[in-house]
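Encoded as structure tokens, the structure appears first; notes follow it.
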Amino acid sequence: MPTKIKECTKQHLFDVALPNQTSTYTVISHKSVIDLSIECLENAGFKINQEHYRCTGNGNIAQGVYRLTFMDDPELSMMFAWSNSYNKQMRFKCGIGAYINQTGSSMVCGDMGSWARKHTGTADTETEETIKEQIKDANMYYKQLVKDKESMKEIHISKRQQAQLLGILFAEHEILTTEQASIIRQQMSRPSFKYGNPDSLWAFYNHVTIALQQSHPKTWMEDQRVLHWFISDAFKFNKVEEVEPEVDPNQVDLEDMIAEVESEEETTVTEDTEGEAIDFHNAAVTEVCDDNPIPEVTDAEAEELVKGQEAVDQKMAEEVEARIENEDKAEESFTVHLGDEEGTSYEIKSVEDMESLQKHAKEVLKHQEDDADFDLDFTTKPEEEEIDVEDGDLPDLF
């Protein structure tokens, strides 16, 4: 069964029994938090207009909210809030926020204005210093929230966008219960208050803060912080823009001057080097042209020169072709030895050599008997290879 959250008095919180203090757990009593908060606020010049306290049934988890009279903005009052526990379920937290006068709900900065401390060691003595530190910067936190409010008023969001934001807060960030999500949906359809533009981001923000009034004291401050952080981050209205310092146009930046001089020197060296190379080339060409002046030639003379050059080229081509053909024919040479009594041999290098060989072979065959055998020794240079020829047959070499 869920723990019942109820409004309570300050005296009720004073009467809640304190837990036992151990070596690892330091008790921060509700009474000490209340007394320190009121004392520090008054010492800082703030007047408390209203005090609101809530706690669980047994009082182990408690929350206090103080509405202050400080009002630079008619819609927002400054607020100081704290949360504390006796059952180790949460740390002590405190921070500055804003009280929305129209709805009675609250705003807590998403990235500043809150502090949490575990109940260990010197937590009790540090609590006072922490409360003082938060109150010291109260004016800065409050002005930031006023600025954020004005920014949200200028942002228009459709019903579909509101539904998407509701879904993210419920399903992703989990700061809403199903009951709170239902409250927000009802506020979107039938808002309890008029916000000028009902479709502004500020109107939707109020729908959520109304629902967060039902949050458990253990999570209330964190739920408020997550809401403000998510909205400001999603719409970037709370982003601090870096402003570049103004620079005197007459002021000389030493680093810029050095970089400029080095750049000019590099450019000058490159241009000079390229210029010298071009000048040297042009001078060489001029010198050659001066020593060997080109004679003037008419069109007719030029045509004759071209024809003469073509004839020379043709003749050279024919000579080259003939030389290649002769080299191909002489590429192989071989020797044929006839097996006659004289031991005649022929070195075959051309067709003429082969014809002489055939003529001599016929004469040999004419004077010898049919049983006379002779051999042809066929040798191809550079290797020695013998070819036997009988009955006067010669190899078909060509």
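The values are calculated or read from the model by the stated rules, or taken from the named source; none is laboratory data. Owing to the predicted nature of the structure, the values given are computational and were not obtained by experimental measurement. Cβ: placed from backbone, ideal geometry, glycine included. Neighbour counts: every protein chain shown.
Here are a few things to note about the model shown:
- No other residue among Ile175, Ile183 is more than 17 Å from Ile100 (Cα to Cα), without any contact (Cβ under 8 Å) to a residue 60 or more places away in the chain and in contact with an Asp or Glu (Cβ under 7 Å, 6 or more places away or on another chain) apart from Ile175.
- Condition met for Lys153 (closer than 22 Å to Asp223 by Cα and basic (Lys, Arg)): yes
- Failed item in (1) in a loop (DSSP other than H, G, I, E, B); (2) crowded, with 19+ Cβ neighbours inside 10 Å; (3) out of contact with any Asp or Glu (no Cβ under 7 Å at 6 or more places or on another chain), with Asn87 passing the rest: (2)
- Looking only at the stretch 158-176, residues that are in a loop (DSSP other than H, G, I, E, B) and surrounded by 17 or more Cβ atoms within 10 Å (Cβ to Cβ) come to 2 in all.
- Of the candidates Gln186, Gln161, Gln134, the single residue that is of a type in the set (S, T, N, Q), touching a Cys at 6+ places or on another chain (Cβ under 9 Å) and assigned by TED's automatic domain parsing to the domain that holds His207 is Gln134.
- Candidate set: the stretch 9-46, residues that are touching a residue at least 60 places away in the same chain (Cβ under 8 Å) and not in a loop (DSSP other than H, G, I, E, B); chosen: the one surrounded by the fewest Cβ atoms within 10 Å (Cβ to Cβ): Ser32
- Filter pass, Thr209 being hydroxyl-bearing (Ser, Thr, Tyr) and modelled with pLDDT of 95 or more: yes
- Among the residues of the stretch 47-94, those that are of a type in the set (Gly, Ala, Ser) and at pLDDT 90 or above comprise Gly59, Ala62, Gly64, Ser77, Ala81, Ser83, Ser85.
- With respect to being over 47 Å from the mean Cα position of the chain (by Cα), surrounded by fewer than 22 Cβ atoms within 10 Å (Cβ to Cβ) and over 20 Å from Arg225 (Cβ atoms), Cys55 falls outside the description.
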